[in-house]
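Student: The following block contains the structure, expressed as structure tokens.
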Amino acid sequence: MCGIVGYVGKRDIGPDVVLNGLRRLEYRGYDSAGIAIRYNPGQRTDEQYGHVIENWREVGGVDELYDSMPETVLWESNCAIGHTRWATHGEPSRHNAHPHTSMGRKVTLVHNGIIENYETLKKKLIQEGYVFESQTDTEVLANWIEYIWDNNTVDFVSAVRFALKDVVGAYAILVISPSTDSVIMARKSSPLAIGVGEGEFIIASDATPIVEYTKDIIYLEDDQLAVIEEGTNLRIMDLDATEVDPNIERVELELDQIEKGGYDSFMLKEIYEQPDTVWTCLRGRLTEGEEPLMMGGVESVLPQLLRANKIFIIACGTSWHAGLIGKNLIEKLTRIPVEVDYASEFRYKDPIIRPGDVVISISQSGETADTKAAMEMARERGATLFGVVNVVGSSIARMSDAGIYTHSGIEIGVASTKAFTGQVAALTLLAIKMARQLNSITDNDYLKLKAALKHIPGKIKSILADSEAIFEVASRYASEEYQDFLYLARGINFPVALEGALKLKEISYIHAEGYPAGEMKHGPIALIDENCPSVFIVPNDSSYGKVVSNMQEVKARKGKIVAIVTKGDELIKTIADDVIEIPETEELLTPLLTVIPLQLMSYSIATARGCNVDKPRNLAKSVTVE
Ligand code: AGP
């Protein structure tokens with residue numbers, strides 16, 4: 001899950017065009033970074049090739065790279081490629097960082113993805129006398145292109161095409177050579193966007209490094225290759241050299257959406273954006289009164305959804321937790337059976353998919369490789385594919401027959417927050433719409449749920465207004481004595497317990513587990529002591545009484561308790577050590593409120609422990625490899 005950026009065009013790249021672009025992509029990987037600058041003959045001359053390519057790489061983020069570069073770097077160049085890495089093959093180090101250059105120096109490239117058959121190609125190259133300086137699959141690709149180029153009478157573009165035909169795996173690559181002014185890019189599974197500017201091109205893993213320069217973007221499709229010649233001529237083709245007309249899309253993404261807006265971190269900004277982002281997801285869809293919900297993206301497959309024998313939900317991480325809530329909502333309101341699977345398991349478990357079944361894929365980035373692979377398998381088995389996605393134009397959105405965009409805006413913090421509430425809001429709308437069509441919900445419940453949903457953004461706002469009180473509670477659990485946490489709930493809030501535990505794990509590196517509260521006595525209660533706090537999610541709903549008993553069980557064993565309760569709950573104040581109140585709402589909508597204090601708590605504990613919440617260790621925002 002790396003970030004790649006390239007520039008070719010009229011302006012000098014300076015230390016900002018590519019490096020700032022990489023900084024915008026650091027949420028995709030940040031264990032090492034690099035940049036290769038190609039100079040025109042005359043600026044720097046290479047007897048053998050004409051152009052000169054200078055390559056700098058460093059462990060750490062883009063700032064570490066920039067600080068490691070000599071003052072003497074010549075930034076006056078109109079072509080450079082860069083990379084920010086999330087290691088897959090070979091530990092984070094200078095020699096494993098990208099860009100990688102082939103042994104004969106003919107090919108320099110950056111790569112996002114995994115070359116699965118790199119060992120086979122590497123063995124052949126070693127037999128041919130190639131020597132490798134890194135452990136990466138990417139260096140193998142650079143040498144494979146050079147090998148093809150040197151051993152066939154082909155040009156640069158054909159050498160790359162032929163080389164990619166031998167590759168098994170996922171890639172988004174940017175390739176340059178000192179012997180030509182062409183810049184080549186190609187993708188298979190990993191995302192790649194080409195920003196078309198006035199006399200310039202900015203190429204990147206997504207739109208964030210591009211919108212500063214142009215809003216006109218071409219999203220390269222799988223198995224497509226593009227070449228930019230003389231800095232201005234763009235050609236797109238498939239790997240058989242059949243030319244393809246570029247499909248330029250106008251992307252509505254403003255720069256301020258990708259800035260911190262005065263917050264200490266993107267994560268905190270995104271938590272506070274939720275009243276607006278949830279409303280943006282509801283707006284135009286959540287109609288007044290008896291009117292049907294307006295969900296244009298659903299209409300084309302609504303018949304399949306309504307008569308589905310079974311609905312599968314596939315996703316990963318936080319999106320999987322949203323899927324569990326979606327299951328609860330769809331089954332409760334429509335009585336259609338729903339199975340929720342980890343996408344990484346679904347593909348390999350040989351699921352029983354029958355014609356007429358629908359597979360719902362949930363993904364913030366729309367690029368998660370596990371989810372895409374599971375969708376491809378579901379497609380082969382004849383399922384209807386429905387997507388719940390945040391990133392517009394992403395692969396999963398393109399692969400789906402129909403879907404819902406969550407409109408949460410760009411999410412940069414690696415720990416997902418506003419995308420989660422967006423996914424839950426979208427699934428809630430879907431379940432209500434289906435139930436209305438099926439008449440499996442009473443008029444009264446339909447009106448009640450719609451009215452309550454309308455007030456959710458305001459209620460999230462009121463919780464955020466109390467964030468100081470939540471931070472104060474969190475501060476009592478931030479010290480090192482607390483290394484294990486349990487998150488407990490029942491019913492539709494059990495997935496919120498899982499989500500709360502994941503948030504704490506992800507950004508504070510504290511061990512935390514989410515459990516159905518009723519499961520405690522079957523094992524996890526053994527963990528309870530004064531150093532293992534329990535966070536109970538216990539709104540005033542149908543399982544309230546049961547959860548209160550589970551809290552008594554923990555209290556009896558001197559466990560510390562933080563409870564998320566409905567405003568005005570006096571009973572739990574007598575049991576729990578700390579209470580965080582949320583406004584009242586319909587039971588089925590409580591996850592949209594109960595998760596907010598958990599996001600703020602994990603944020604507060606992580607920052608108190610000095611963790612980098614936007615770029616937690618070992619993680620990346622979009623997991624584009626299996
Ligand atoms: C959540 O905070 C994590 N970033 C991660 O678990 C994420 O939810 C998972 O990788 C799925 O990503 P997606 O929604 O972009 O597919």
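Student: Note the full-extension length gain between residue 238 and residue 454 as 0.36 nm times their separation in residues minus their Cα-Cα distance, in nm to one decimal. Don't skip to the answer; put the middle values down first.
Tutor: Numbers: separation 216, 0.36 × 216 = 77.76 nm, distance 4.73 nm.
Extending this stretch completely gives an extra 73.0 nm.
Student: Roughly what angle does helix 443-454 make with the longest principal axis of the chain, taking Cα atoms, 0 to 90 degrees, to the nearest 10?
Tutor: In the chain, helix 443-454 runs at an angle near 60 degrees to the longest axis.
Student: Where does the range 453-492 land on the Kirkwood hydrodynamic radius, alpha-carbon pairs, in angstrom? Don't skip to the answer; put the middle values down first.
Tutor: Numbers: mean 1/r = 0.0782 Å⁻¹.
Answer for the range 453-492: a Kirkwood hydrodynamic radius of 12.8 Å.
Student: Can you give me the angle between helix 456-465 and the longest principal axis of the chain, using Cα atoms only, in degrees from 0 to 90, rounded to the nearest 10?
Tutor: 90
Student: As a check on your grasp of the helix formula, calculate [θ] at 222 nm for the chain: sum -39500 (n - 2.57) over DSSP H runs of n ≥ 4, divide by the residue count, round to the nearest 500.
Tutor: Numbers: 20 runs with 210 residues, N = 626.
Mean residue ellipticity, 222 nm, calculated: -10000 deg cm²/dmol.
Student: If you don't mind, there's one more thing I want to ask. For a label point 7 angstrom out from the Cα of residue 54 toward its Cβ, which stretches of the range 104-146 have the backbone nitrogen within less than 19 Å?
Tutor: 105-109
Student: Same structure again: Please compute the Kirkwood hydrodynamic radius over the range 74-141, one decimal place, Å, based on all pairs of different Cα atoms. Before the final figure, lay out the partial values.
Tutor: Values: mean 1/r = 0.0775 Å⁻¹.
This gives a value of 12.9 Å.
Student: While we're looking at this one, here's another question. Does the range 40-112 classify as rounded, prolate or oblate by the C-alpha gyration tensor (a ≥ b ≥ c root eigenvalues; a/c under 1.5 gives rounded; else a/b over b/c gives prolate, otherwise oblate)?
Tutor: Details: a/c = 2.42, a/b = 1.44, b/c = 1.67.
Oblate shape, in that a/c is at least 1.5 and b/c is the bigger or equal ratio.
Student: Evaluate the distance, in nm, between pseudo-label points positioned 7 Å from the Cα of residue 75 and of residue 260 along their respective Cα→Cβ axes.
Tutor: My value for the distance between the label points is 2.1 nm.
Student: Taking a spot 7 Å from the Cα of residue 380 along the direction of its beta carbon, which residues of the range 85-123 have an amide N less than 19 Å from it?
Tutor: Only 116-117 fall inside the zone, counting backbone N under 19 Å.
Student: When the scattering of the range 506-551 is computed by the Debye formula from its Cα atoms alone, each counted once and equally, what is log10 I(q)/I(0) at q = 0.17, 0.18, 0.21 Å⁻¹?
Tutor: Here log10 of I(q) over I(0) equals -0.56, -0.62, -0.80.
Student: Want the number for residue 10 to residue 309: 0.36 nm per residue separation, take away the alpha-carbon distance, what's left?
Tutor: Working: separation 299, 0.36 × 299 = 107.64 nm, distance 5.72 nm.
Gain in length upon complete extension: 101.9 nm.
Student: Against the empirical 2.2 N^0.38 Å scaling, what ratio does the C-alpha Rg of the range 275-409 come to? Walk me through the numbers before you get to the answer.
Tutor: On the way: Rg = 14.2 Å, N = 135, 2.2 N^0.38 = 14.2 Å.
Dividing the Cα radius of gyration by 2.2 N^0.38 Å gives 1.00.
Student: Could you tell me the center-to-center distance, by alpha carbons, between the range 336-378 and the range 78-146 in angstrom?
Tutor: 32
Student: Could you check the simple spin-label distance between residue 573 and residue 469, using points 7 Å along Cα→Cβ, in nm with one decimal?
Tutor: 1.0
Student: Set the Förster distance to 56 Å, then compute FRET efficiency between residue 212 and residue 291 from the Cβ-Cβ distance, nearest 0.05. It would help to have the intermediate numbers written out before the result.
Tutor: Working: r = 41 Å, r/R0 = 0.73.
It comes out at approximately 0.85.
Student: Then there is this: Please list, by residue number, everything in the range 208-245 whose backbone N is under 19 Å from a paramagnetic label point 7 Å out along Cα→Cβ of residue 300.
Tutor: Residues passing the 19 Å test: 219, 221-222.
Student: With each pseudo-label sitting 7 Å past Cα toward Cβ, what's the residue 152-residue 345 distance in nm, one decimal?
Tutor: Taking the two extended label points, one gets 4.4 nm.
Student: Separate question: Two decimals, Cα atoms only, Kirkwood Rh: what is Rg/Rh over the chain?
Tutor: Numbers: Rg = 25.9 Å, Rh = 25.8 Å.
Computed over Cα atoms, the ratio is 1.01.
Student: Could you tell me the largest-minus-smallest coordinate of the C-alpha atoms of the range 469-602 on each of the three principal axes, in descending order and whole angstroms?
Tutor: For the range 469-602, the Cα extents along the three principal axes come out at 37, 28, 25 Å.
Student: Largest first and in whole Å, what are the equivalent-ellipsoid semi-axes of the range 1-151 based on the Cα gyration tensor, each being the root of 5 times an eigenvalue? Provide the component values of the computation, followed by the final result.
Tutor: Working: eigenvalues 118, 82, 28 Å².
In descending order, the three semi-axes are 24, 20, 12 Å.
Student: As an exercise, identify the GluC sites (Glu not before Pro) in the range 441-526 lying in DSSP coil whose Cβ has no more than 12 other Cβ atoms within 10 Å. Show your work: numbers first, answer last.
Tutor: Details: sites: 468, 472, 480, 481, 499, 506, 513, 519; in loops: 480, 481.
Within the range 441-526, the qualifying GluC sites (Glu not before Pro) (loop, at most 12 other Cβ atoms within 10 Å) are 480, 481.
None of the figures in this text is laboratory data; all of them are computed from the coordinates on show. The shown structure was predicted, so the numbers you read here are calculated from the model rather than taken from an experiment. Neighbour counts run over all protein chains shown; Cβ positions are idealised from the backbone, glycine included.
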